[in-house]
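The values are calculated or read from the model by the stated rules, or taken from the named source; none is laboratory data. Predicted, not measured: the structure shown is a model, and the values here were computed from it. FYI the Cβ positions are ideal-geometry reconstructions off the backbone, even for glycines, and counts take in every protein chain you see. Just so you know, the surface numbers come from the protein's heavy atoms only, side chains and all, with ligands and any DNA or RNA stripped out. Shrake-Rupley method; radii C 1.70, N 1.55, O 1.52, S 1.80 Å.
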Amino acid sequence: VLDALGSNIRIDSKGNEVMRVLPRNNDDINEEWISDKTRHAIDGLKMQRLDKPYVRVNGKLKAATWEEAFTAIARKFAKTEASQIAAIAGDQADVETMWSLKKLLNNIGCENIDCRQDGAVFDSSNRNHYIFNSTINGIDEADAILLIGANPRLEAPVLNARIRRAFMRGVKIYNIGEQISLNYEYKQLGNDPKFIADAAKLLEKAKKPMVIVGANVLTRADAESILATITKSLPVVNDGWNGFNVLQNVASRVGGLDVGFVPSKTGKATKEILAGLESKEIKILYLLEADELNIKRDANSFIIYQGHHGDKGAAIADVILPGSAYTEKEATYVNLEGRPLRTQKAVFAPGEAKEDWKIIRALSESLEQTLPFNTIEELRQQITAQHPHLVQIDVIETAPWKAYSAKGKLSSEGFTYPISNFHMTCPISRNSKTMAECSALKLEKDKKAA
């Protein structure tokens, strides 16, 4: 879950400690490879762990019982209107937990929810608009590849190795964005969205052209105009081939979009939620493993953090609910292709920490909005009744293609990339001593090169 590829892995443990992570062969996803971060960040699983609930009393976090934590939340909810409550799901949240939290908040009338922690705003009603439609295996079939605001070397290293393999067999690769090192040669077209339309001439002779759009492109104000330009001016979709691909870079994103963990038309998205927190419109914010937001503590707001590490989210919380890391729970994730995948519990969560969906289920009782399931099987039955494709593990559901029809002006602003420090992108990797050493060595190398 350290990126969105969904690499299949094997976890070896001793007692209740993860000892190593190895690749598990899956020819459709990662073959026999995993990234260095996936393999070596595991020491971060035992550092700075949240192993008991906490409640802030007189400005200081104090250890509490689960009942005390839920009571503190219930008191706040009872005094707060549904329109003043919001939730943001982070980068490693699983499908079961996001669906449960959405159900709970919707039941009380709250529509301010978003799984796009990076602030991306786009039409998520059509699944084709946010997944890697060509599939990972499709890279082996492509005869021309255009990168737009994407840095696959840092965002999905194993996928980047597939692109390199395509380059080695003679596929032409083009880039619109910053000039970056990708471990293969490519033709730099510039760093301005205006070059997208010009690229049509380069792709017109290709039978299976592939366009890879970086996740950061979706955070731009002109995101939908860019996507409309791509789907209208570039020959990426033809009979039997869909070459439009979004390179999602976090494990929770496709699953969150699939189950609709986004605001309704009247609800607030991430940027509006954060603005509402500052303007006092939002009084309660529920952070579900959301650790990449810059939020300052305010005495007028009430922040609930559910997660597994004492990271950014826990530092600003009024109530901390200790959850489970991906190695400690049975959970569903959907990879960047739209392929549902499941984790198995390798070890137990530390101390009093619980599996995340169970926390939401227990909280629903305290809020007098008891959710109608008691087991993971009952929960999954309810999810798949609404989203049947999520029960088809390791199967990608395809849907009819619909081009973007958004209107608007393209900005001349250049593309940027979301990852500057590959080795430290999440609470697990930020708490890994191995990753810290790698990051320091990389920084030192870059300084010498400069």
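Considering each residue of region 420-450, count those that are hydrophobic (A, V, I, L, M, F, W, C), part of a helix (DSSP H, G or I) and open to solvent by less than 30 Å² (accessible area, probe 1.4 Å), and give that number.
2
Within region 200-291, which helices (runs of 4 or more DSSP H) (wholly inside it) include 1 or more residues that are surrounded by fewer than 18 Cβ atoms within 10 Å (Cβ to Cβ) and of a type in the set (K, R)?
Of the helices (runs of 4 or more DSSP H) lying wholly inside region 200-291, those with at least 1 residues that are surrounded by fewer than 18 Cβ atoms within 10 Å (Cβ to Cβ) and of a type in the set (K, R) span 200-203, 223-233, 270-278.
Determine which single condition I383 fails, assuming it passes every other condition in (1) out of contact with any Phe, Trp or Tyr (no Cβ under 6 Å at 6 or more places or on another chain); (2) open to solvent by less than 60 Å² (accessible area, probe 1.4 Å).
Failing condition for I383: (1).
Pairs under 6 Å by beta carbon, first residue at positive phi in region 339-352, partner basic (K, R), six or more apart or different chains?
Partner pairs satisfying both residue conditions: G351/K52.
List every residue pair whose Cβ atoms lie under 6 Å apart, where the two residues are 6 or more positions apart in sequence or sit on different chains, the first residue falls within region 138-153 and is closer than 11 Å to F244 by Cα, and the second residue, located anywhere, is open to solvent by 10 Å² or more (accessible area, probe 1.4 Å) and not aliphatic (A, V, I, L, M).
The qualifying pairs are L146/Y174.
Matching residues to (1) open to solvent by 40 Å² or more (accessible area, probe 1.4 Å); (2) under 16 Å from A269 (Cβ atoms); (3) without any contact (Cβ under 8 Å) to a residue 60 or more places away in the chain; (4) outside any strand (DSSP E or B):
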| position | (1), (2), (3), (4) |
| --- | --- |
| T80 | no, no, no, yes |
| I88 | no, yes, no, no |
| D91 | no, no, no, yes |
| T97 | no, no, no, yes |
| S100 | no, no, no, yes |
| L104 | no, no, no, yes |
| G109 | yes, no, yes, yes |
| G119 | no, yes, no, yes |
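Between a first residue in region 223-246 that is within 12 Å of P209 (Cα to Cα) and a second residue that is of a type in the set (D, E, K, R), which pairs have beta carbons less than 6 Å apart while being 6 or more apart in sequence or on different chains?
Listed pairs, sorted by first residue: P235/E204; W241/K208.
Give the residues of region 46-78 that are over 14 Å from I320 (Cα atoms) and surrounded by 19 or more Cβ atoms within 10 Å (Cβ to Cβ), sorted by residue number.
Hit for region 46-78 is F77, nothing else.
Return yes when K402 is open to solvent by 70 Å² or more (accessible area, probe 1.4 Å), in a loop (DSSP other than H, G, I, E, B) and either modelled with pLDDT under 95 or in contact with a Gly (Cβ under 7 Å, 6 or more places away or on another chain) (or both) and no when it is not.
So K402 passes the test.
Being among the aliphatic types (A, V, I, L, M), within 30 Å of A449 (Cα to Cα) and in contact with a Pro (Cβ under 9 Å, 6 or more places away or on another chain) is the requirement here; does I145 meet it?
yes
Out of region 341-365, which residues are within 30 Å of I139 (Cβ to Cβ) and touching a Gly at 6+ places or on another chain (Cβ under 8 Å)?
The answer is L341, and nothing else.
Give me the residue from region 410-419 that is closer than 30 Å to G313 by Cα and of a type outside the set (F, W, Y) and, out of that set, least open to solvent (accessible area, probe 1.4 Å).
Only one residue tops the list, namely I419.
Can you pull out every residue in region 165-182 that is open to solvent by less than 80 Å² (accessible area, probe 1.4 Å), more than 19 Å from G149 (Cα to Cα), assigned to a loop (DSSP other than H, G, I, E, B) and not β-branched (V, I, T)?
Passing the criteria: only G170.
Out of the residues in region 310-330 that are assigned to a loop (DSSP other than H, G, I, E, B) and acidic (D, E), state the one that is surrounded by the fewest Cβ atoms within 10 Å (Cβ to Cβ).
E330
Of all the residues that make up region 273-304, how many are touching a strand residue (DSSP E or B) at 6+ places or on another chain (Cβ under 9 Å) and over 30 Å from I393 (Cα atoms)?
Here the count works out to 15.
Among the numbered criteria (1) modelled with pLDDT of 95 or more; (2) outside any helix (DSSP H, G or I); (3) under 25 Å from the mean Cα position of the chain (by Cα), which single criterion is violated by L159?
Failed condition: (2).
Taking region 183-199 only, how many residues are open to solvent by 20 Å² or more (accessible area, probe 1.4 Å) and among the aliphatic types (A, V, I, L, M)?
Matching residues across region 183-199 total 2.
Any idea which of (1) of a type in the set (D, E); (2) closer than 17 Å to A349 by Cα; (3) exposed (fewer than 14 other Cβ atoms within 10 Å of the Cβ) is the one D43 doesn't satisfy?
So D43 meets the others, but not (3).
Rundown of residues vs (1) surrounded by 14 or more Cβ atoms within 10 Å (Cβ to Cβ); (2) over 30 Å from D198 (Cβ atoms), yes/no style:
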{"site": "T332", "(1), (2)": "yes, yes"}
{"site": "V347", "(1), (2)": "yes, yes"}
{"site": "P350", "(1), (2)": "yes, yes"}
{"site": "K358", "(1), (2)": "yes, yes"}
{"site": "E368", "(1), (2)": "no, yes"}
{"site": "P372", "(1), (2)": "no, yes"}
{"site": "L379", "(1), (2)": "yes, yes"}
{"site": "V391", "(1), (2)": "yes, yes"}
{"site": "G408", "(1), (2)": "no, no"}
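Does region 14-33 include one or more residues that are open to solvent by 60 Å² or more (accessible area, probe 1.4 Å), over 26 Å from L321 (Cα atoms), among the basic types (K, R) and assigned to a strand (DSSP E or B)?
So far as region 14-33 goes, yes, one or more of its residues are open to solvent by 60 Å² or more (accessible area, probe 1.4 Å), over 26 Å from L321 (Cα atoms), among the basic types (K, R) and assigned to a strand (DSSP E or B).
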